[in-house]
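Asks: There's a structure below that I have some questions on.
The values are calculated or read from the model by the stated rules, or taken from the named source; none is laboratory data. Computed from a predicted structure; not experimentally measured. Counting neighbours? That spans all protein chains shown, and the Cβs are built from the backbone with ideal geometry, glycine included. The accessibility values were calculated without ligands, DNA or RNA, using every heavy atom of the protein model including side chains. Shrake-Rupley method; radii C 1.70, N 1.55, O 1.52, S 1.80 Å.
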Amino acid sequence: MADKFKLSIISPDKMFLEGECEFLEFVSTEGELGVYAKHIPLTTILEPCVMRIHNDGAVKKAAILGGFVEILKEKVTVLAEDAQWPDEIDVARAEAAKKRAEDRIAAKQEGTDMRRAEAALKRAIARIGAAQS
């Protein structure tokens, strides 16, 4: 059995998850990261992504829509802008949001906030990815 660490995922609305974890995967602004117990201390900014929580041979997925991660040797704290389990995601709505964002980016119209459109696209992709098995 692998060493475990404490994992807390907190969104503005609720304590999304509190428990133990063997391995955690997510995407930060620095790239893809994987965390085991006794990881070097690190604080990083989260990109909207599918977070994979490995524990006892099972993997839970969650859509994490940005935020921060603090990694300590025995504890990881995720301060998420929003967090959703796959069964909380309306896939049709996420697909529509993805299409709208792609259309805004492709149109390249003056006055379009490209950063906002790209962020919306990343959030939609994270939701769709988490909802897929």
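Asks: If you line up the Cα atoms of region 24-79 on their principal axes, what length do they span on each, largest first, in Å?
Replies: Result, largest extent first: 28, 24, 18 Å.
Asks: Specify which labelled value, from (i) 16.4; (ii) 15.4; (iii) 14.8, agrees with Kirkwood radius over Cα pairs in Å derived from the coordinates of the model shown.
Replies: (ii)
Asks: Can you check what the net charge comes to around Ala80, using other residues whose Cβ is under 11 Å from the Cβ of Ala80 (Lys, Arg +1; Asp, Glu -1)? Mind showing how you got there, number by number?
Replies: Working: positive: Lys14; negative: Asp13, Glu81, Asp82.
Net local charge, Ala80 excluded: -2.
Asks: Further question: Taking only protein heavy atoms and a 1.4 Å probe, what accessible area per residue, in Å², does the chain have with all protein chains in place?
Replies: Numbers: 8050 Å² over 133 residues.
Heavy-atom accessible area per residue stands at 61 Å².
Asks: Among residues other than Pro12 whose Cβ falls under 14 Å from its Cβ, what is the net charge (Lys/Arg +1, Asp/Glu -1)?
Replies: On the way: positive: Lys14; negative: Asp13, Glu81, Asp82.
Charge balance near Pro12 sits at -2.
Asks: Hey, what number do you get for the chain at 222 nm if only DSSP H runs of n ≥ 4 count, each worth -39500 (n - 2.57), divided across all residues, to the nearest 500? Can you show the working numbers first?
Replies: Values: 2 runs with 35 residues, N = 133.
Computed mean residue ellipticity for the chain: -9000 deg cm²/dmol.
Asks: For Tyr36 paired with Ala58, estimate the spin-label separation in nm (one decimal), with each label point 7 Å from Cα along the Cα-to-Cβ line.
Replies: The two pseudo-label positions are separated by 2.3 nm.
Asks: Do any GluC sites (Glu not before Pro) in region 21-60 lie in a DSSP loop with no more than 15 other beta carbon atoms within 10 Å, and if so, which?
Replies: Numbers: sites: Glu22, Glu25, Glu30, Glu32; in loops: Glu22, Glu30.
Counting only loop positions with at most 15 other Cβ atoms within 10 Å, the GluC sites (Glu not before Pro) in region 21-60 are Glu30.
Asks: Hey, another quick one. I'd like the distance between the alpha-carbon centres of region 61-133 and region 27-49, rounded to an integer number of Å.
Replies: So the separation of the two Cα centres works out to 17 Å.
Asks: Next question, about the same structure. Calculate, in nm to one decimal, what Thr44 and Ala96 gain on full extension: separation in residues at 0.36 nm each, minus their alpha carbon distance.
Replies: Numbers: separation 52, 0.36 × 52 = 18.72 nm, distance 3.00 nm.
Working it through step by step, the gained length comes to 15.7 nm.
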